[in-house]
Amino acid sequence: MPNIRRTVVAGDFIFAISGRVPGERQFVVGGFKVAEKIDALAAYARFPENRVRRTPDGIIQGNVIVNADGSQHHDDNHSNFERRVENYIVGGDPLVLETPAEFNRSREETLSTLRRICGREGNRVFDIVGRYRRLDERQIAELAGWLRSIKEAP
């Protein structure tokens, strides 16, 4: 999201929440620390594995949205290209849930954990964190610690 990429700085944390799926509860899927921000053309050179591409079965993958000359890749169909080529985020210190057991535990605990950390009530993740919520250092440490506890569970 251009507005998030524009406002974060190196050292900030970004946490990701699963998409909305009918009949499923959203949950925290992971997070990372912002290591640096670069433009999309620099990302094209540094991260060729992240360039937009179409798989043999037609699925579009990748998040480097430019071609070698800096123009918009033909498979990137977003309309705000000019705002999206700036501030490509390079992450570090990832905390990523990967297994079904980790997903299940996060799905079960996300609401209560976010209620406690954010000090807000709500029946949906959005009710608690909304859009663009900034966490303070204590909240970041608590959320990262909770994710680590899921990763370290037997």
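The values are calculated or read from the model by the stated rules, or taken from the named source; none is laboratory data. From a predicted model like this one, the values you see are computed outputs, not experimental measurements. We place every Cβ from the backbone using ideal geometry, glycine too, and count neighbours over all the protein chains shown.
Residues of segment 24-37 being touching a helix residue (DSSP H, G or I) at 6+ places or on another chain (Cβ under 8 Å), within 22 Å of THR99 (Cβ to Cβ) and not in a loop (DSSP other than H, G, I, E, B), which ones? First the steps, then the outcome.
Restricting attention to segment 24-37, the residues satisfying the condition of being touching a helix residue (DSSP H, G or I) at 6+ places or on another chain (Cβ under 8 Å) are 24-31, 37.
Checking the rest, the ones that are also within 22 Å of THR99 (Cβ to Cβ) come to 24-31.
Within segment 24-37, VAL28, VAL29, GLY30, GLY31 meet the criteria.
All of ARG115, ARG133, ARG83, ARG105 fail the test of being under 19 Å from GLY30 (Cα atoms), modelled with pLDDT under 90 and surrounded by 12 or more Cβ atoms within 10 Å (Cβ to Cβ), apart from ARG133. Could you tell me which residue of segment 1-25 is nearest to ARG131 (Cα to Cα), considering only residues that are small (Gly, Ala, Ser) and in contact with a strand residue (DSSP E or B) (Cβ under 9 Å, 6 or more places away or on another chain)? Filtering first and then ranking leaves ALA16.
When restricted to residues that are more than 27 Å from PHE27 (Cβ to Cβ), in contact with a helix residue (DSSP H, G or I) (Cβ under 8 Å, 6 or more places away or on another chain) and exposed (fewer than 12 other Cβ atoms within 10 Å of the Cβ), segment 44-80 contains 3. All told, LEU135 meets the bar of being in a loop (DSSP other than H, G, I, E, B), within 20 Å of the chain's Cα centre (by Cα) and not basic (Lys, Arg). Picking from residues in segment 43-96 that are of a type in the set (Asp, Glu), assigned to a loop (DSSP other than H, G, I, E, B) and out of contact with any Pro (no Cβ under 9 Å at 6 or more places or on another chain), the one that is nearest to ARG6 (Cα to Cα) is ASP76.
Take the conditions (1) part of a helix (DSSP H, G or I); (2) modelled with pLDDT under 95; VAL21 misses just one of them, which is (1).
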